[in-house]
Amino acid sequence: MTISNYLEDIIINHLLRNGAFTPPATVYASLHTADPGETGASEVTGGSYARQAVTLTAASGGATSNSAIVDYVSMPAATVTFAGLWDAVSAGNFLWGGALTASKTTNA
């Protein structure tokens, strides 16, 4: 799992410098065809692909998960290897990403 520089800065400033932090109202999941790094690179494009809003469970043991199935419709043909989280449905700030346990191939 890779945490973006954007989120690292927020965490450091919030915890160590008493900086204000307002969490995003909605978190969006993205799909990637290669490691998104710290910027959200290699996000799937084409078809009617769009990031999907997710609701995450309370963290426990340093982990969380989405609380419902996330559906992506009208995907382009792609092999998805990573997922990410953003603070906006488009553009916005990449928060973090990680590799899927197994790649997923989609047909157009």
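Each reported figure results from applying straightforward, stated rules to the coordinates on display, with no laboratory input. Being a predicted model, the structure only gives us computed values, none of them experimental. Backbone-built Cβ (ideal geometry, glycine too); neighbour counts: all protein chains shown.
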Q. Mind ordering 57-68, 33-44 by average Cβ neighbours within 10 Å, highest first?
A. 33-44, 57-68
Q: Name the residue farthest towards the positive end of the dipole of the chain from the options L16, Y6, T81, assuming +1 on Cβ of Lys and Arg, -1 on Cβ of Asp and Glu, about the Cα centre.
A: T81
Q.
Along each principal axis of its Cα atoms, how long is the stretch 34-88 end to end? Whole angstroms, biggest number first, please.
A. 35, 24, 21
**Q.** Estimated translational D of the chain in µm²/s (Stokes, Kirkwood radius over Cα pairs; 25 °C; 0.890 mPa s)
**A.** 167
Q.
Two decimals, Cα atoms only, Kirkwood Rh: what is Rg/Rh over the stretch 7-54?
A. 1.11
**Q.** the stretch 12-21 - phi-based ³J(HN,Hα) in whole Hz, Karplus 6.51/-1.76/1.60, Gly and Pro as x
**A.** 4, 5, 6, 7, 9, 10, 6, x, 5, 8
Q. Treating the beta-carbon of each Lys and Arg as +1 and of each Asp and Glu as -1, no other charges, what is the dipole magnitude of the chain about its Cα centre, to the nearest 20 debye?
A. 160
Q.
Give me the one-decimal nm value for the distance between modelled label points at A68 and N5, 7 Å along each residue's Cα-to-Cβ direction.
A. 3.6
